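Where a number appears in this text, it was derived from the coordinates with a stated rule and is not lab data. This structure is a prediction, so every number in the text was calculated from the model and none was measured. Because the Cβ atoms are built from the backbone with ideal geometry, glycine has one as well, and the counts that use them run over all protein chains shown.
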Amino acid sequence: MHGIVADLDPALVTLGVDGTKKYRESFELVYRREATTPNEIWQADHTELDIWVVDERGRPARPWLAAIEDDHSRAIAGYAANLEAPSALTTALAFRHAIGRKPEPDWHVCGIPSVFRLHQGSDFTSAHLEQVMADLKVNPVLTLKDQTHGHGKIERLIGTINQMCLAHQPGYARRGTPTALARRN
């Protein structure tokens, strides 16, 4: 019996004992894609920002950011920010902002991407967004559940916004700690 167990493929043992997530992390080949031109690949993500603001009713709230990043330049192509949870509408608004020319003369990132990488959540999928991408001949690529390793660049961007841009602002909400603004209500 020991000989049979000893001869098992380590990948098969990991899959059987630790499950599919650990198997993927340890044994699955990861293809690192790099866009070679602007607008070749865009990726999108949402995050609740680490800052407290006051909403229209005077209550503390944390805003949400939907960001779209150009994979080649790592520039922000577009964004949408609001106080509501992420939705397909927010994604569509950020996408519209990304493809259009910006009023700021130094913000040159615009156009239509060849590939748009998205998570599979309902905030990234809608009939409207699918139709817009089909009309513009954009290839949507949905990340498989629990396989987010293709979104590292956008995750890094969001981390930078929270840690370097918001950390010195009034109302900064370090993850896991309440602020005086939140405790007032």
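Suppose R0 equals 41 Å. What FRET efficiency, 1/(1 + (r/R0)^6) with r the Cβ-Cβ distance, do Gln169 and Asp135 give to the nearest 0.05?
0.55
Would you calculate the convex hull of the Cα atoms in the range 41-183 and tell me its volume per residue in Å³?
131
Using a 10 Å cut-off on Cβ atoms, rank the peptides 116-125, 68-77, 130-139 from the highest mean neighbour count down.
68-77, 116-125, 130-139
Calculate, in nm to one decimal, what Asp9 and Cys110 gain on full extension: separation in residues at 0.36 nm each, minus their alpha carbon distance.
31.5 nm
Under a crude label model (7 Å from the Cα following the beta-carbon direction), how far is Ala75 from Val17 in nanometres?
Computed distance between label sites Ala75 and Val17 equals 5.0 nm.
If one computes P(r) from the Cα atoms of the range 89-145, what percent of pairs lie at distances over 19 Å?
The share of Cα pairs beyond 19 Å in the range 89-145 comes to 29 percent.
What is the magnitude of the charge dipole of the range 41-183 about its Cα centre, with +1 placed on the Cβ of each Lys and Arg, -1 on the Cβ of each Asp and Glu, and no other charges, expressed in debye to the nearest 20?
That gives the range 41-183 a dipole magnitude of about 260 debye.
With the Cα gyration tensor of the range 25-122 giving a ≥ b ≥ c as the square roots of its eigenvalues, does the rule (a/c under 1.5 for rounded; else a/b larger than b/c for prolate; else oblate) give rounded, prolate or oblate?
Judged from the Cα gyration tensor, the range 25-122 comes out oblate (a/c at least 1.5, b/c at or above a/b).
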